[in-house]
Every structure is written in C-alpha cells, then in structure tokens.
Amino acid sequence: MKRVMLILLIAHLCAFGQENSSRPANSVYKNFKPFSTPRTNYRPGTVYRLSADNVQYVVKDISSIKSLESYEGDVVGRMVFSKEEMLECLNIEFTDEFVTTEVELKDAVREYTEQTNVDNILWNNDAVDELIVDPESSYFIIRETVSVKEITFRFDKTTADNIASGKSSLKEKSTAGDTVIDYPFSITKKFSEPKRLFYLDQKIEMKPYAEEL
C-alpha cells in the first residue's frame, strides 16, 4: 500500500504545473505563467477559482500556508508565452500562438511553498471543504511566484517580424560591421517596488490523490 501511495504521489508531482502540454517549455522557471498584470497580491498560498465561463476569482489567501523566499539575483533565460499573454503583458500583438523570448530579471525573488505544509493545511485539516464550494469552477493554489523591480523582454528578428501591432514599442539594438545579435529587439518594464510577475499553480480537488491506479 505504501508503494502504491508513493507511485501516486510521484505521478501527482510530475503532473504539477503540466496542464498545458502544448506550450513549449521554458529554460528558466519551467511551467511558470505570467500574471495578467504586475501585482503585490497573489502570494504563494492564495487559492483562486476559474468559473465555467473562464473568469478568475480570488477565493482566499490561506495565511497558515507559509511562503519562503529565495533571492535569485539577476536571471537570464528563455521563456515562452501565449500571444494572449504577450498582449496582456506588453500590449503587443503577435501572430504566432506561442512567443519565445529571452527575459532578463533584475534582482529576482522567488517565493515558494512546501508540499507537506500545503497537504497538511488543505487536506489533513480539511480546508478544502470550505474552499471548494462551486462544482462548476476549477480551483487552484499559487505554489510559487517570481518578483522583480525590472524585467527586459528580448526578441529575435523572426519573432519581431511576426508582430501584428505594437512593434514601435520595441527598441532595436544597432550592430557594427558583421556583428550578429540573437535578440536585437527589446522592451524593458520597471516598477517602483517589487511586483509579482510569474506564478506556478497547482490544481486542487476534494481529494489530493487518486485512490486507485
């Protein structure tokens, strides 16, 4: 029985953050998604629901679920966004379904929760009984977030050429001689205080794991 539960737990963790299998993987912060707007709320431990018509509502910030912090420093790597996310984040309309960009995060801070703490509060203490009340909605808990005061998005020429509107918002880095720049187009966003930009969530249901294989 212990072996069966271990297999189920491993399967559950492997599926964590993998709802959209068609989205290409990030090289940094794998499976993280962008918030529609930079924000100071939605800390790890926040539960939200998606209604049947795909509207998002905050259910509760569960204060007993503790979040920890990790200072990441400056982070550079590839992240992939849907064209809808790019439109929300940058007000730039791309023609491709998914957009690959190099991001540079300045002084990034990752906030995260621990699985044992989440499991204990939600299921061992039966918090889900009070959270999941609408059978037509899907419920999620924010497990991790990334906050920054400054972020730069960089695009290669092919991606920039596929912009339907908003290309004038990008800056193009000039080159000298035969120098080639992989990502010559960029846009930088700065904030007066650290804002949460990306999150990793986990779908929650009345039972944490399936009872049978």
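The table that follows gives values for the structure above.
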item: Residue order, fewest to most surrounding Cβ atoms within 10 angstrom, among 173, 189; result: 173, 189
item: From phi via Karplus (6.51, -1.76, 1.60), per-residue ³J(HN,Hα) for the stretch 164-175 in Hz, x at Gly/Pro; result: 7, 7, x, 4, 5, 6, 8, 9, 9, 7, 6, 10
item: Overall form of the stretch 84-152 per C-alpha gyration tensor (a/c, 1.5; a/b vs b/c); result: oblate
item: Packing-based exposure ordering (other Cβ within 10 Å, fewest first) of 131, 122; result: 131, 122
item: Cβ-based net charge around residue 149, under 10 Å, with every Lys or Arg adding one and every Asp or Glu removing one; result: +1
item: Sparsely packed GluC sites (Glu not before Pro) within the stretch 132-207, loop by DSSP, other Cβ within 10 Å at most 15; result: 136, 205
item: The stretch 32-113: GluC sites (Glu not before Pro) in DSSP loop, at most 12 other beta carbons within 10 Å; result: 97
item: Residue 61 long-range amide H proximity, modeled H, under 5 Å; result: 47
item: Phi to ³J(HN,Hα) by Karplus 6.51 cos²θ - 1.76 cosθ + 1.60 over the stretch 127-133, Hz, x for Gly, Pro; result: 5, 4, 4, 8, 8, 8, 10
item: Cα-Cα over 30 Å, subset of 30/190; 173/203; 106/167; 66/171; result: 173/203; 66/171
item: Under 14 Å, Cβ to Cβ, from residue 172 - net charge with Lys/Arg +1 and Asp/Glu -1; result: +2
item: Angle in degrees between helix 2-15 and the longest Cα principal axis of the chain, rounded to the nearest 10; result: 30 degrees
item: Label of the coordinate-derived value, Rg/Rh (Cα atoms, Kirkwood Rh), listed as (1) 1.02; (2) 0.96; (3) 1.05; result: (1)
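Read-outs throughout are calculated quantities, based only on the coordinates presented, and are distinct from any laboratory measurement. Everything numeric here is computed off the predicted structure, so don't read it as measured data. Note: ideal-geometry Cβ built from the backbone for every residue, glycine included; neighbour counts use all protein chains shown.
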